[in-house]
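First comes the structure, then the notes that go with it.
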Amino acid sequence: WRVTDDGVEVTGELGGHTPTMYKALQTIPHKKIFILRDVEGSHNDEMSLPVLTQIHRDGYTTIVPENGNVQSGGTDFFVAGKRKIFYPTSQIGIHSWETNDDNKQGKDFPTDHEHHDIYLDFYDSVGVDEAFYWKTLETNSEDMHFMTPDEVVEYLGAEYKR
């Protein structure tokens, strides 16, 4: 991540550095805009989702710019924006999560299973209907569904800049 005149540009994977990045930003003057150029995922949702919830509470705008790409946990970063903006060439990818211990996917668990709670709580905290979460589980963890502009507007309430 780096602070620019336009906002905070983010690339790479979310995880252990996410809380550190957010804490550092509290001491640096910047616009409350995250520009998500290429954020392919997260390797630690338990660590990144609380930070993303705080980003939403603090009123940040998230943008997937022209030719920007977010996937999986990167899409969760986009979802966290109080205001979400994307463009015709933005790519926003979703897929199911998978457990580390037995390779089960999210859709393999009953809808009331506790494994879903962290995600349902996160989407609720950022004002996104749980229908989006269930949509993510429709695509296997090893695949990626790139959402259409209509899906991004419908499920995430994002602004489509043509």
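Here is a check on your reading of the model: is T62 of a type outside the set (K, R), in contact (Cβ under 8 Å) with a residue 24 or more places away in the chain, out of contact with any strand residue (DSSP E or B) (no Cβ under 9 Å at 6 or more places or on another chain) and open to solvent by less than 20 Å² (accessible area, probe 1.4 Å)?
Details: of a type outside the set (K, R): yes; in contact (Cβ under 8 Å) with a residue 24 or more places away in the chain: yes; out of contact with any strand residue (DSSP E or B) (no Cβ under 9 Å at 6 or more places or on another chain): no; open to solvent by less than 20 Å² (accessible area, probe 1.4 Å): yes.
Considered against the rule, which asks whether it is of a type outside the set (K, R), in contact (Cβ under 8 Å) with a residue 24 or more places away in the chain, out of contact with any strand residue (DSSP E or B) (no Cβ under 9 Å at 6 or more places or on another chain) and open to solvent by less than 20 Å² (accessible area, probe 1.4 Å), T62 comes out as no.
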Could you identify the single residue in T27, T61, T89 that is among the polar types (S, T, N, Q) and more than 20 Å from P149 (Cα to Cα)?
T27
Given the conditions (1) aliphatic (A, V, I, L, M); (2) in a helix (DSSP H, G or I); (3) closer than 22 Å to E154 by Cα; (4) open to solvent by 10 Å² or more (accessible area, probe 1.4 Å), every one holds for M47 apart from (3)
Filter result for D112 (more than 13 Å from the chain's Cα centre (by Cα) and either without any contact (Cβ under 8 Å) to a residue 60 or more places away in the chain or not in a strand (DSSP E or B) (or both))
yes
For T11, work out the one condition from (1) in a strand (DSSP E or B); (2) touching a residue at least 40 places away in the same chain (Cβ under 8 Å); (3) open to solvent by 10 Å² or more (accessible area, probe 1.4 Å) it doesn't fulfil.
(2)
Checking D112 against (1) modelled with pLDDT under 95; (2) open to solvent by 80 Å² or more (accessible area, probe 1.4 Å), which test does it fail?
(1)
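S96 - would you say it is within 15 Å of T136 (Cα to Cα), open to solvent by less than 30 Å² (accessible area, probe 1.4 Å) and hydroxyl-bearing (S, T, Y)? First the steps, then the outcome.
Working: within 15 Å of T136 (Cα to Cα): yes; open to solvent by less than 30 Å² (accessible area, probe 1.4 Å): yes; hydroxyl-bearing (S, T, Y): yes.
Against the criterion (within 15 Å of T136 (Cα to Cα), open to solvent by less than 30 Å² (accessible area, probe 1.4 Å) and hydroxyl-bearing (S, T, Y)), S96 qualifies.
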Scan the stretch 87-119 for residues that are in contact with a Phe, Trp or Tyr (Cβ under 7 Å, 6 or more places away or on another chain) and among the aliphatic types (A, V, I, L, M) and jot them down.
I92
Of the conditions (1) in a loop (DSSP other than H, G, I, E, B); (2) open to solvent by less than 60 Å² (accessible area, probe 1.4 Å); (3) of a type outside the set (S, T, N, Q), G127 clears all except one; give me its number.
(2)
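What do you reckon, is D102 exposed (fewer than 15 other Cβ atoms within 10 Å of the Cβ) and under 15 Å from V8 (Cβ atoms)?
When the stated conditions are applied, D102 does not pass them.
The values are calculated or read from the model by the stated rules, or taken from the named source; none is laboratory data. The shown structure was predicted, so the numbers you read here are calculated from the model rather than taken from an experiment. All Cβ positions, glycine included, derive from the backbone under ideal geometry; neighbour counts span all protein chains shown. Ligands, DNA and RNA are stripped out before the accessible areas are found, and what is left, the full protein with its side chains, is counted by its heavy atoms. Shrake-Rupley method; radii C 1.70, N 1.55, O 1.52, S 1.80 Å.
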